[in-house]
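A short worksheet on the structure shown next.
The values are calculated or read from the model by the stated rules, or taken from the named source; none is laboratory data. Being a predicted model, the structure only gives us computed values, none of them experimental. Counting neighbours? That spans all protein chains shown, and the Cβs are built from the backbone with ideal geometry, glycine included. Remember, those area values only see protein heavy atoms, side chains included, never the ligands or the DNA or RNA. Shrake-Rupley method; radii C 1.70, N 1.55, O 1.52, S 1.80 Å.
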Amino acid sequence: MTGRPFTVADVMTKKVVAVLPGADFKELVTTMQRWKVTAVPVVEGEGRVVGVVSEADLLLKEEFHEHRLGLIEQMRRPEATAKAGSRRAEDLMTSPAVTVASDASLPQAARLMATHRVKRLPVVDGHGAIQGIVSRSDLLKVFLRPDDDLAAEVRRDVVERLFPLSRQEVDVRVEAGVVTLSGTVRDSGLIPVAARLAGAVEGVVDVRCGLTVGAE
């Protein structure tokens, strides 16, 4: 996976628990409890994702369990009150589902989660069929890359490409994901570029750039 940007396909969970639109309320609760997930994709046909049911959708039934809804409340929260009285996945799900392509970058997936305030995204192919699921914790997997791997990638893809003539004068060290660049190079204009590119390597936490310009 090194040498190219990480994509959703690199970190997603391929084993996905999904339900059909006709799944009833108890089946949804049982499925989430059994597989220890907080949301399940709803699929139809050949695995096409049509929605997602989350614990929040199911908890609406408990919220309104002993609470008689007034007309004003029904008007203020029509979707919530409708879900509270529903029993099937097709009526409880959020649709259309927020999905992500398997070749999307990790920052793209993170932005989708933040924008839509969701904790996970179904991963789909070009036809909308489920391929996996990616969660917040999956996106953090890149920060588990060994320091030696990060150092090797920074040296290969940053130092050797930007400074082919002075690469032997550049030292690359990585500790706990933090990259330290030191040594001398010939082009001062490329120093901030090197720091930026090193920071863009997947799994890098921070960059400390101590590169200086050496004598010709």
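Selection of segment 197-216 for residues being among the small types (Gly, Ala, Ser) and under 26 Å from the mean Cα position of the chain (by Cα) yields ALA198, GLY199, ALA200, GLY203.
Rundown of residues vs (1) among the hydrophobic types (A, V, I, L, M, F, W, C); (2) more than 15 Å from CYS209 (Cα to Cα), yes/no style:
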| position | (1), (2) |
| --- | --- |
| ASP147 | no, yes |
| VAL154 | yes, no |
| ASP187 | no, no |
| PRO192 | no, no |
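The residues of segment 113-128 that are at negative phi and open to solvent by 30 Å² or more (accessible area, probe 1.4 Å), listed by number, are ALA114, THR115, HIS116, VAL118, LYS119, ARG120, ASP125, GLY126, HIS127.
Among residues of segment 92-111 that are closer than 14 Å to PRO41 by Cβ and in contact (Cβ under 8 Å) with a residue 60 or more places away in the chain, those with a beta-carbon under 7 Å from a residue that is among the polar types (S, T, N, Q) and open to solvent by less than 40 Å² (accessible area, probe 1.4 Å) at least six positions away or on a different chain give the pairs LEU92/SER86.
Taken together, VAL42, VAL29, VAL16 contain a single residue that is surrounded by 19 or more Cβ atoms within 10 Å (Cβ to Cβ) and at pLDDT below 95, which is VAL16. Just one of the listed residues (ALA104, ALA110) is touching a strand residue (DSSP E or B) at 6+ places or on another chain (Cβ under 9 Å), open to solvent by less than 70 Å² (accessible area, probe 1.4 Å) and small (Gly, Ala, Ser), and it is ALA104. Reported count of residues in segment 182-196, each being among the β-branched types (Val, Ile, Thr) and over 31 Å from the mean Cα position of the chain (by Cα), is 2. Of all the numbered requirements in (1) in contact (Cβ under 8 Å) with a residue 40 or more places away in the chain; (2) of a type in the set (Ser, Thr, Tyr); (3) loosely packed, with under 15 Cβ neighbours inside 10 Å, SER166 misses one, and that requirement is (3). Close Cβ contacts (under 9 Å, 6 or more residues apart or on different chains) running from residues in segment 17-30 that are among the charged types (D, E, K, R) to residues that are assigned to a helix (DSSP H, G or I) comprise ASP24/ALA89; GLU27/ALA89.
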